[in-house]
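Below is one structure, written out as structure tokens; comments come after it.
The values are calculated or read from the model by the stated rules, or taken from the named source; none is laboratory data. Just so you know, these numbers come straight off a predicted model, no measurement behind them. For neighbour counting, all protein chains shown are included, and Cβ atoms are generated from backbone atoms with ideal geometry for every residue, glycine included.
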Amino acid sequence: MTALVVALSFIAVLALVLILGDLVLKGASSIDWAFFTRSPVPAGQTGGGVANAIVGTGIVVGLAALIGVPIGVGAGMYLAEYGSGKLGFIVRFIADVLNGTPSIVIGIVAWTFIVRPTHRFSALAGSVALAILMIPMLARTTEEMVRLVPHSLREAALALGYPRWRTSLKVVARTALTGIVTGCLVGIARVAGETAPLLFTALGNLNFSFSVTQPMQTLSLQIYVYATGPFEEWHRLAWASALVLMGLVLMISLTARWVTRQRYGSGS
Amino acid sequence: MTDFGEGTGSFPRAMTSLPIEGSSRRQSLLGADRSDRIYRRILTGFALALPLLFLMILAVLFVSALPALRRFGPSFLWTSTWDPVAELYGAAPMIVGTLLSSFLAILIAVPLALGVAIFLTEFAPRWLRQPVAFLVELLAAIPSVVYGLWGVFVLIPFLRTAVVPPLKAVLGWTPFLQGVFYGNSLLAGGVILAIMIVPYIAAVSREVLLAVPGSQREAALAMGATRWEAVRSAVLPYGRAGLIGAIILGLGRALGETMAVTMLIGNRHDIGISLLQPAYTMAAAIANEFSEATTNMYHSALFEVGLVLFVVTVVVNAIARILIWRVARGAAIGSRAL
């Protein structure tokens, strides 16, 4: 039976190795300077890059973090500091349930709120959708990180006459800061790869755009369009874009993991 | 996790109500009391954002779906005409497709994920546990659209050349393997979903198994059980509710997964049980058709699909959470972004 569980684990790890291997094999050869610095060329021509999609991903995800991080972290602080009552239970439960909500549903909700009244697809609508995805995740990771702060630290601050809010902000939150920041990074990495909520909000854009009230391209949308399109050239760019997106996501997650390990040791 | 017990507020209550003499001291404490209240109110406001968000999502979906709800009633769920020209909508094919593809995914993913979890908690040498857990969790970090890309250009050709021919040779007579395999199909969608949900089920199952007290294992081993017998007779039964919760959590993910499935399942409005034929899912229908929906009724029908999907995933996730909490109370198992 030991052999069985070893074999099953091996298959799971093999899947990861195969996917990452294919990304590198099929994507790496297309990545050069032009790929990062140029916008896409019209369909059928060769060459071009995804500079607009890389910049777009940065803007859409950055704006999403700006909206989502304060709310998510604030809710997480509530759960850790005051979350023992009925409201805490409800918020915790809803956060867990929202964590599993299909992102496409969040997409059409954001469409209803922003795209329909303004009659325009926009990067902002995409950011709002991603922020909604981020909030429940950040609330739970923040709570977990804040709860790791030793009780004695709190008691020491309170005993020195610190009011509770200062204890919470200056001692507890500060001690947990590294954990909270890495939690935010992991959350950002996860929404950076999202496509479904952006289909009807950020929409995609073949040109450079810096305006958040206009449609904007992201790497994930670009991969979807290129992968499902008919041209060989597009498929090549799709693999390269996927490699870049994967690299981005991995880099953020690995940094986060490394920082957490430095701080909290390698316990489970 | 925390070692000061769940359910207790993090601040000891007695701390703030210490009897302190002297009016100036009391003054400052009263001042602190007010700012404490403000601080608490601000945090409560942030926390309230979550229930509010939940209600807003539900309200938006319901209101937007109202025209379709009124027009088609409950028969929306079991009729299978989807005709935007005649303005007739029934979601049966995509509901069946969602259930079949998720079921197939669970069938493939559960043995893999439980194998990983049991290996990591019971059998793996210590030095191997962290790296393997990490690699499996990395699967969860791969964006859905990248899975879709890989599925289209690697998985489907692989299925076509290496999996479908032998499957047909052995089980070709069953109704599940009828028709010609063109690529985009229930099989392709189910397999990619399986790979995608393995890390979720494995991570949660692993934490559930870790929460099983060591005394359970030791008791079984002391009775002369082998390690495998200890797992089967003591560890798995103890964590059963949590493991079922983990599987249901994976099911919730599979039901709502959009991009990879949209790219692989074939997107055909038809009910069929052959794994080789194209099918449709609710999430894929929204992704494909929402931007082409030109009439109000078309939009409304798609919102109703979204409403059904939302309600189903909420119920599934709620059940999963309750089961997991029964084993590991209050812990944020699995809700951490992997």
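Mind checking whether some residue in segment A:246-262 is under 17 Å from the mean Cα position of the chain (by Cα), farther than 20 Å from B:LEU149 by Cβ and free of Cβ contacts under 8 Å to residues at least 12 places away in the same chain? Yes, that holds for at least one residue. Considering each residue of segment A:206-215 in turn, none proves to be within 10 Å of chain B (Cβ to nearest Cβ) and surrounded by fewer than 23 Cβ atoms within 10 Å (Cβ to Cβ). The residue pairs whose first member lies in segment A:89-110 and is more than 7 Å from chain B (Cβ to nearest Cβ), whose second member is of a type outside the set (A, V, I, L, M), and whose beta carbons are closer than 7 Å, counting only pairs six or more residues apart or on different chains, are A:ARG92/A:GLY83; A:ILE106/A:PRO197; A:GLY107/A:PRO197; A:GLY107/A:PHE200; A:GLY107/A:THR201; A:ALA110/A:PRO197; A:ALA110/A:THR201. Can you name the residue in segment B:247-273 that is in a loop (DSSP other than H, G, I, E, B) and more than 10 Å from chain A (Cβ to nearest Cβ) and, of all such residues, is surrounded by the most Cβ atoms within 10 Å (Cβ to Cβ)? Within segment B:247-273, the match that is surrounded by the most Cβ atoms within 10 Å (Cβ to Cβ) is B:ILE265. Within segment B:190-236, being within 17 Å of B:SER144 (Cβ to Cβ), of a type in the set (Gly, Ala, Ser) and within 13 Å of chain A (Cβ to nearest Cβ) holds for one residue alone: B:ALA194. Residue selection: A:GLN222 satisfies the criterion of being within 24 Å of B:ILE142 (Cβ to Cβ) and more than 8 Å from every other protein chain (Cβ to nearest Cβ). Note on segment A:225-245: among residues that are without any contact (Cβ under 8 Å) to a residue 24 or more places away in the chain and assigned to a helix (DSSP H, G or I), the one that is farthest from B:GLU137 (Cα to Cα) is A:GLU232. For segment A:12-44, the set of residues classified as part of a loop (DSSP other than H, G, I, E, B) and of a type outside the set (A, V, I, L, M, F, W, C) consists of A:ASP32, A:ARG38, A:SER39, A:PRO40, A:PRO42, A:GLY44, listed by residue number. Quick one: would you say A:ALA7 is without any contact (Cβ under 8 Å) to a residue 40 or more places away in the chain and small (Gly, Ala, Ser)? So A:ALA7 passes the test. Determine whether segment A:84-106 contains at least one residue that is among the small types (Gly, Ala, Ser), closer than 22 Å to B:ILE38 by Cβ and outside any helix (DSSP H, G or I). Looking for residues that are among the small types (Gly, Ala, Ser), closer than 22 Å to B:ILE38 by Cβ and outside any helix (DSSP H, G or I), one finds at least one in segment A:84-106, hence yes. The residue list A:ARG116, A:ARG164 contains one member that is within 30 Å of B:HIS299 (Cα to Cα) and more than 22 Å from the chain's Cα centre (by Cα), which is A:ARG116. Checked against (1) surrounded by fewer than 21 Cβ atoms within 10 Å (Cβ to Cβ); (2) facing chain A (nearest Cβ under 8 Å), B:LEU120 passes all but a single condition, namely (1). The residues in segment B:123-134 that are part of a helix (DSSP H, G or I), farther than 20 Å from A:VAL191 by Cα and without any contact (Cβ under 8 Å) to a residue 24 or more places away in the chain can be counted, and the count is 7. Among the residues of segment B:136-155, those that are more than 22 Å from A:GLY100 (Cα to Cα) and either surrounded by fewer than 23 Cβ atoms within 10 Å (Cβ to Cβ) or at the interface with chain A (Cβ under 7 Å from one of its Cβ atoms) (or both) comprise B:LEU149, B:TRP150, B:VAL152, B:PHE153, B:VAL154. Give me the residue from segment B:77-95 that is surrounded by 20 or more Cβ atoms within 10 Å (Cβ to Cβ) and in a helix (DSSP H, G or I) and, out of that set, nearest to the other protein chains (Cβ to nearest Cβ). For segment B:77-95, the residue satisfying everything is B:MET94.
Matching residues to (1) out of contact with any helix residue (DSSP H, G or I) (no Cβ under 6 Å at 6 or more places or on another chain); (2) assigned to a helix (DSSP H, G or I); (3) farther than 15 Å from A:THR260 by Cβ:
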| residue | (1), (2), (3) |
| --- | --- |
| A:ALA139 | no, yes, yes |
| A:GLU144 | yes, yes, no |
| A:GLU155 | yes, yes, yes |
| A:TYR162 | yes, no, yes |
| A:ARG166 | yes, yes, yes |
| A:LYS170 | yes, yes, yes |
| A:ARG174 | yes, yes, yes |
| A:ILE180 | no, yes, no |
| A:GLY187 | no, yes, no |
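Among the candidates B:GLY306, B:GLY224, the residue that is surrounded by fewer than 19 Cβ atoms within 10 Å (Cβ to Cβ) and either at pLDDT 95 or above or not in a helix (DSSP H, G or I) (or both) is uniquely B:GLY224.
The single residue among A:PHE113, A:PHE121 that is in contact with a strand residue (DSSP E or B) (Cβ under 9 Å, 6 or more places away or on another chain) and hydrophobic (A, V, I, L, M, F, W, C) turns out to be A:PHE121. Within segment B:41-66, being of a type in the set (Phe, Trp, Tyr) and over 18 Å from A:VAL105 (Cα atoms) holds for one residue alone: B:PHE46. Here segment A:26-67 is the region considered, the condition is being among the hydroxyl-bearing types (Ser, Thr, Tyr) and surrounded by 16 or more Cβ atoms within 10 Å (Cβ to Cβ), and the residue that is modelled with the lowest pLDDT is A:SER39. Residues that are in contact (Cβ under 8 Å) with a residue 12 or more places away in the chain and facing chain B (nearest Cβ under 8 Å) occur in segment A:54-71; there is at least one. For first residues located in segment A:206-219 and over 24 Å from A:LEU243 (Cα atoms), partners that are of a type in the set (Gly, Ala, Ser) and surrounded by 16 or more Cβ atoms within 10 Å (Cβ to Cβ) and lie 6+ apart or on another chain with Cβ distances below 6 Å form the pairs A:VAL212/A:ALA123; A:THR213/A:SER122.
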